[in-house]
Amino acid sequence: MVKHIVMWKLNDEAKKDINNIASDLQKRFKSLLGVVEGLKAIEVSKNYNGGKFDIVLFCDFDTKDAQDKYQTHPAHLAIKEVVHELTCDRDCVDCEI
């Protein structure tokens, strides 16, 4: 199993509406379940504990190959465009369990 964890810092405008943005992104990313082969679980949440990042994405994939296909899947790329408009920084961790 592969874990893909992405953390985003929202831009100043987006931070004003963090609750709605987190909810909207959760719905968008959840819509990928059953669409992206090998994607087993996906969650988005806001960070309530302060720090550099505001929003976090957790994904579980069957394999690294499934994660690679997710990265170029058109449905994921459409969401990625939305995320880029809302964020000003990003970090990511990928690991096999």
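The values are calculated or read from the model by the stated rules, or taken from the named source; none is laboratory data. Please read these numbers as outputs of a predicted model, since none were measured by experiment. For neighbour counting, all protein chains shown are included, and Cβ atoms are generated from backbone atoms with ideal geometry for every residue, glycine included.
Under 6 Å between Cβ atoms, at least 6 apart or on separate chains: pull out the pairs that start in region 22-36 with a residue that is farther than 15 Å from Lys80 by Cβ and end on any residue that is among the charged types (D, E, K, R).
Ala22/Lys46
Out of everything in region 24-52 that is charged (D, E, K, R) and in a loop (DSSP other than H, G, I, E, B), what residue ends up being surrounded by the most Cβ atoms within 10 Å (Cβ to Cβ)? Break it down into steps so the answer makes sense when it comes.
If we filter region 24-52 for residues that are charged (D, E, K, R), which is where we start, we get 24, 27-28, 30, 37, 40, 43, 46, 52.
Those still in the list that are in a loop (DSSP other than H, G, I, E, B) too: 37, 52.
Details: Glu37: 12, Lys52: 10.
Within region 24-52, the match that is surrounded by the most Cβ atoms within 10 Å (Cβ to Cβ) is Glu37.
Please go through (1) under 14 Å from Leu86 (Cβ atoms); (2) basic (Lys, Arg); (3) in contact (Cβ under 8 Å) with a residue 12 or more places away in the chain for Lys40 and return the number of the only condition it doesn't satisfy.
Condition (1) is where Lys40 drops out.
Within region 60-80, which residues are over 16 Å from Val44 (Cα atoms) and among the acidic types (Asp, Glu)?
Matches in region 60-80: Asp62, Asp65, Asp68.
Would you point out which residue out of Ile21, Ile55, Ile5 is surrounded by fewer than 18 Cβ atoms within 10 Å (Cβ to Cβ) and either at pLDDT below 95 or not hydroxyl-bearing (Ser, Thr, Tyr) (or both)?
Sole residue among the options that is surrounded by fewer than 18 Cβ atoms within 10 Å (Cβ to Cβ) and either at pLDDT below 95 or not hydroxyl-bearing (Ser, Thr, Tyr) (or both): Ile5.
Taking the conditions exactly as written (over 17 Å from Met7 (Cα atoms), surrounded by 12 or more Cβ atoms within 10 Å (Cβ to Cβ) and in contact with a Lys or Arg (Cβ under 9 Å, 6 or more places away or on another chain)), does Phe61 satisfy them or not? Before the answer, list the steps.
On the way: over 17 Å from Met7 (Cα atoms): yes; surrounded by 12 or more Cβ atoms within 10 Å (Cβ to Cβ): yes; in contact with a Lys or Arg (Cβ under 9 Å, 6 or more places away or on another chain): yes.
Yes; evaluated as a whole, the condition is true for this residue.
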